[in-house]
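K.L.:
First, the structure itself, so that you have it in front of you.
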Amino acid sequence: MNRKKIGIASILVLGVAFLGRSFFSGTQPESELPSAPVEQRTEVQGQSGDVASSAEGLQSAPQDASREQVHAKLEVLNEILNSKDDNDARLDSVLSSLNEVERLAFMDRYQRIPMEDRNGRGTIIYLIGKNLENAEDYKFIGQVFSELGCKSLSDCTKEPSVSDENAHHSEADELTLFYPQWVALKAMETKIQSGGETLPATVKAQVLRVLKQAESFDHPKIQDYSRRLQERLR
Amino acid sequence: MITLFSFLSILGFNTTVHALEFSKEVPADIQKQFLNDMDFIIQVKGKGATPLHLKTFGIVSGDNYMKFFNKRIKTVDLSNCGNPNAVACVSPFLHPQTINLTKNYIQFSHPQVARLMVIFHEARHGEWWKLGWNHADCPVPFLDKDGKPKRSKWTGAELAGQPACDTDTLGSYGLSIVMLKNISKHCTSCTGKVRMDAALYGDNQMERMISKTAMAALKEDLYTQHRK
C-alpha cells in the first residue's frame, strides 16, 4: 500500500475518532463514536469514488437516529469483547450487517484495542470482513498485513525465549498470535467462495490486492494460504 | 465452593452434568471464564456428526460433550503447568481427574473455541486407563511440506524430538480435531465466528499428526464428503 493511501485512511480514522469524542464526550471511552462523519468522509471521497453514494444516503438520513444506531452497535460490540463470548448470537444478528458509518466506527475501535487482544481484533476484522462494500473496507483488511507480528501473547513486543516455548500447544499459540491475519484471509476466502465465477472485476482486484499484501506478510503459512487463494481467483 | 452443577441449576439448564469442584486456589475471574466457556459448550446443538465423532462423543451436542468431560474431570485447580505460555494441563498419573488452569486462561486472548480445544485435549489426557494417551515424539527431523524443519516462528525452536505429536487417530490432538471440525460443520447453535474458529484451529492441529494411517483416517472422516 502506498503512503498516500495510508495517509488518507489515517486522516479518516482520526477524523472519525475526533468527531466521535467531541459528540459523545459524556459516555465511556469505549463507546466513542464517529459523529456526523459526512464532511470528513467527503474529503476522502474525492479520492475514492466507491463511497460517494453511501455519503449521499447518510446526508439524507436523520443524523440522531444514525448516531444512536452506531452507538448501540458499538455498545454491543464492547459487551461481546468484554465477555469473551464468541457465541453471542448478536454477532450474527445485530452486528451481522454494518453500514458505512458503523464500519468506520468499528475500524476506529480496532485501532484502540491492545495488540495483545488477538481475539478482540480478530472479531472486528471478522465483522468488517462480512460487510466488505467499498475501497476503505478492503484497505482496512489489507492493513492487517502491515502490522508488526505479535511475538508473545502476554506482550506483543516481547521477544520470546526458547525456554518459554510451550511445545504441547505451540501450534495453537502461534495461530492465536496471528489470529487477526488469519481472519482477514478467511474473509477473502469467503468473498471468493461467495462470488465464484461471477465476482465483479473491481471486487476481484480489491481481493487480489489484499492477498498480495498477505503474501508479503512475514509468515510462511500465511504467504502460502494467500498464494492458494490467489490461484482460486484466476 | 462453586460447582458447575449448581451454576447450571440456577440457570435452569437441563443437562446431565455432575458436580465439578473448584479448588479454592482458582481465582474467581478464572472460575467465571471457565464456567462461561463450559456454558457455551453445554448449549451446543447440532445435526449429525462424522463417524469418528459419533464413536467418541455421539452427535454434536452439549450433553454429549459434557458426558465426555464429566467422566474424566472432577476438579479444577490452579497451576502454572510448568510453562509460562500454558493455559491448562492434566497430570495423567498424579491427578488424572483434575484439570489445572493457569492465569493465562484469562490473560491470553485466545478465541473461546481455542480455550475449549485445550480443555478437551487435556481431558483426554485424564484417561489413566489409557495411560493418559501419551503423545508420541515428533520425528527427527520434523519437516514441513516444503522439506524445511517445523519450527516456532519467533523463537526458532524446533518440534523435532518433542513429545508433542500423535500417532493415534483419537489421541488428544486427534480428539480435538474431530471435535472442532464437527462443530464447524454441524453445530446449529454456534455463531459464524465460532464455526470459523473451530475450522481454523481444527485444521491447525493436523500439523501434529505424524502417522499416515491416522492422518488418512482423519482426512477420510473430516475432509471428504459431508456425512450424517
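Read the figures in this text as sums done on the coordinates, not as results from a lab. As the structure is a computational prediction, the values presented were derived from the model and not from experiment. Every residue, glycine among them, receives a Cβ derived from its backbone with ideal geometry; neighbour counts consider all protein chains shown.
K.L.:
Provide a single number: the residues in segment B:154-194 that are β-branched (Val, Ile, Thr), more than 17 Å from the chain's Cα centre (by Cα) and at the interface with chain A (Cβ under 10 Å from one of its Cβ atoms).
P.N.:
Qualifying residue count for the region: 2.
K.L.:
Right, something else. Which residue pairs have Cβ atoms under 7 Å apart, sit 6 or more places apart or on different chains, and have a first residue in segment B:126-138 that is in contact (Cβ under 8 Å) with a residue 12 or more places away in the chain and surrounded by 16 or more Cβ atoms within 10 Å (Cβ to Cβ) and a second that is among the aliphatic types (A, V, I, L, M) and not in a loop (DSSP other than H, G, I, E, B)?
P.N.:
Between residues of segment B:126-138 that are in contact (Cβ under 8 Å) with a residue 12 or more places away in the chain and surrounded by 16 or more Cβ atoms within 10 Å (Cβ to Cβ) and residues that are among the aliphatic types (A, V, I, L, M) and not in a loop (DSSP other than H, G, I, E, B), the close pairs are B:126/B:90.
K.L.:
For segment A:206-221, name all the residues that are surrounded by 14 or more Cβ atoms within 10 Å (Cβ to Cβ) and either touching a Ser or Thr at 6+ places or on another chain (Cβ under 6 Å) or free of Cβ contacts under 8 Å to residues at least 60 places away in the same chain (or both).
P.N.:
Once the filter is applied, which keeps residues that are surrounded by 14 or more Cβ atoms within 10 Å (Cβ to Cβ) and either touching a Ser or Thr at 6+ places or on another chain (Cβ under 6 Å) or free of Cβ contacts under 8 Å to residues at least 60 places away in the same chain (or both), segment A:206-221 yields A:208, A:211, A:212, A:214, A:215, A:221.
K.L.:
Another question, then. Confirm whether residue A:212 is outside any helix (DSSP H, G or I) and of a type in the set (Lys, Arg).
P.N.:
It is false that residue A:212 is outside any helix (DSSP H, G or I) and of a type in the set (Lys, Arg).
K.L.:
Among the residues of segment B:193-202, is there at least one that is touching a residue at least 24 places away in the same chain (Cβ under 8 Å) and touching a strand residue (DSSP E or B) at 6+ places or on another chain (Cβ under 9 Å)?
P.N.:
Yes; the residues of segment B:193-202 include at least one that is touching a residue at least 24 places away in the same chain (Cβ under 8 Å) and touching a strand residue (DSSP E or B) at 6+ places or on another chain (Cβ under 9 Å).
K.L.:
Still on this structure: Quick one: would you say residue B:64 is surrounded by fewer than 17 Cβ atoms within 10 Å (Cβ to Cβ) and assigned to a helix (DSSP H, G or I)?
P.N.:
No, not satisfied.
K.L.:
Restricting to segment A:68-97, name every residue that is within 14 Å of chain B (Cβ to nearest Cβ) and aliphatic (A, V, I, L, M).
P.N.:
Result: A:76, A:77, A:80, A:81, A:89, A:91, A:94, A:95.
K.L.:
Same structure, new question: Restricting attention to segment B:108-152, which residues are of a type in the set (Phe, Trp, Tyr) and within 22 Å of the chain's Cα centre (by Cα)?
P.N.:
Selection gives B:108, B:120, B:128, B:129, B:133.
K.L.:
Which residues, taken from segment B:108-121, are more than 7 Å from chain A (Cβ to nearest Cβ) and closer than 19 Å to residue A:180 by Cβ?
P.N.:
Correct list: B:115 only.
K.L.:
Could I ask something else about it? State which residue is surrounded by the most Cβ atoms within 10 Å (Cβ to Cβ) when the search covers only segment B:154-172 and only residues that are over 11 Å from residue B:218 (Cα atoms) and among the hydroxyl-bearing types (Ser, Thr, Tyr).
P.N.:
Only one residue fits best here, namely B:172.
K.L.:
Could you list, in sequence order, all residues of segment B:20-38 that are of a type in the set (A, V, I, L, M) and either surrounded by 15 or more Cβ atoms within 10 Å (Cβ to Cβ) or in contact (Cβ under 8 Å) with a residue 40 or more places away in the chain (or both)?
P.N.:
Scanning segment B:20-38 gives B:20, B:26, B:30, B:35, B:38.
K.L.:
Please work out if residue B:87 is touching a strand residue (DSSP E or B) at 6+ places or on another chain (Cβ under 9 Å) and surrounded by 19 or more Cβ atoms within 10 Å (Cβ to Cβ).
P.N.:
Yes, satisfied.
K.L.:
Do you know which residues across segment A:148-195 are within 23 Å of residue A:126 (Cα to Cα), in a helix (DSSP H, G or I), more than 7 Å from chain B (Cβ to nearest Cβ) and without any contact (Cβ under 8 Å) to a residue 40 or more places away in the chain?
P.N.:
A:193, A:194, A:195
K.L.:
Take the residues of segment A:127-147 that are assigned to a helix (DSSP H, G or I) and within 13 Å of chain B (Cβ to nearest Cβ): which is nearest to residue A:207 (Cα to Cα)?
P.N.:
A:129
K.L.:
Here is a further query. Select from segment A:85-126 the residues that are in a loop (DSSP other than H, G, I, E, B) and among the acidic types (Asp, Glu) and write down the one among them that is surrounded by the fewest Cβ atoms within 10 Å (Cβ to Cβ).
P.N.:
A:92
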